[in-house]
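Working notes for the structure below.
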Amino acid sequence: MNYIDCEGGIIIPKSVRPIVSYEETFFGNKKGANKQFRYGKLHIRQYDDHYVVHMDKVDPSKDPVGHLLIDAPEYLVATVAGLKAAKQAGDTVYARKGGGASVLSAACLAGTVAATFSYILTSVIKEVVDRNL
């Protein structure tokens, strides 16, 4: 069995450590895991028969912004791009039609599209950079 996943995480069979007693977290990409845990910079994902463990560069409980910038830039980029696109679309529709539901609809649609595109693009770039390091 290979004990390193495609992203460099360490795969630990549950037979080695059947129970993880750290605090469960909802922050982070679960990547199909049943649960995930954090202990400082240690990030553990629990699957049916194994865990995948990796170390973040920045502890999100001590420096959430630093964690977003260094370990999870795709979330930060998606949020900024989504908010910027939503504001721009809302301002444009408001200037043309005035207030109403059309402003909110345009802002939500533009923000969602921009955030999704930015998240995917940044994730791909991050994966390529991580593989080449």
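Rule-based calculations on the coordinates, nothing more; no lab input. What you are looking at is a predicted structure, and each value in this text was computed from that prediction instead of being measured. For neighbour counting, all protein chains shown are included, and Cβ atoms are generated from backbone atoms with ideal geometry for every residue, glycine included.
Under the √(5λ) rule applied to the eigenvalues of the Cα gyration tensor, what semi-axes describe the equivalent ellipsoid of the chain? Give them in Å, descending.
Working from the Cα gyration tensor, I get semi-axes of 38, 15, 14 Å.
Within 15 Å, Cβ to Cβ, of THR25, how many net charges do the neighbouring residues add up to if Lys/Arg are +1 and Asp/Glu are -1?
That works out to +2.
Applying 1/(1 + (r/R0)^6) with R0 = 30 Å to the Cβ-Cβ distance of LEU76 and LYS41, what FRET efficiency is obtained, to the nearest 0.05?
Values: r = 18 Å, r/R0 = 0.60.
The computed FRET efficiency comes out at 0.95.
Over region 19-79, what is the relative contact order in percent, taking alpha-carbon pairs closer than 8 angstrom and at least six residues apart?
The value is 19 percent.
Once the Cα atoms of helix 73-97 and of the chain are each reduced to a long axis, what angle between those two axes, in degrees from 0 to 90 to the nearest 10, is obtained?
Helix 73-97 and the main axis of the chain meet at about 10 degrees.
Angle, helix 101-132 long axis vs. longest principal axis of the chain, Cα atoms, 0 to 90°, nearest 10?
40
Which distance in nm do the two modelled labels at LYS84 and ILE4 give, with both placed 7 Å along the Cα-to-Cβ direction?
Result: 3.6 nm between the two label points.
Report the GluC sites (Glu not before Pro) located in region 1-95 that are in a DSSP loop and have at most 16 other Cβ atoms inside 10 Å of their Cβ, or state none.
Passing both the DSSP loop test and the Cβ count: GLU7, GLU23.
For a quick check of your reading of the filter: which trypsin sites (Lys or Arg not before Pro) in region 60-110 sit in a DSSP loop and have no more than 16 other Cβ atoms within 10 Å?
The qualifying sites are LYS62.
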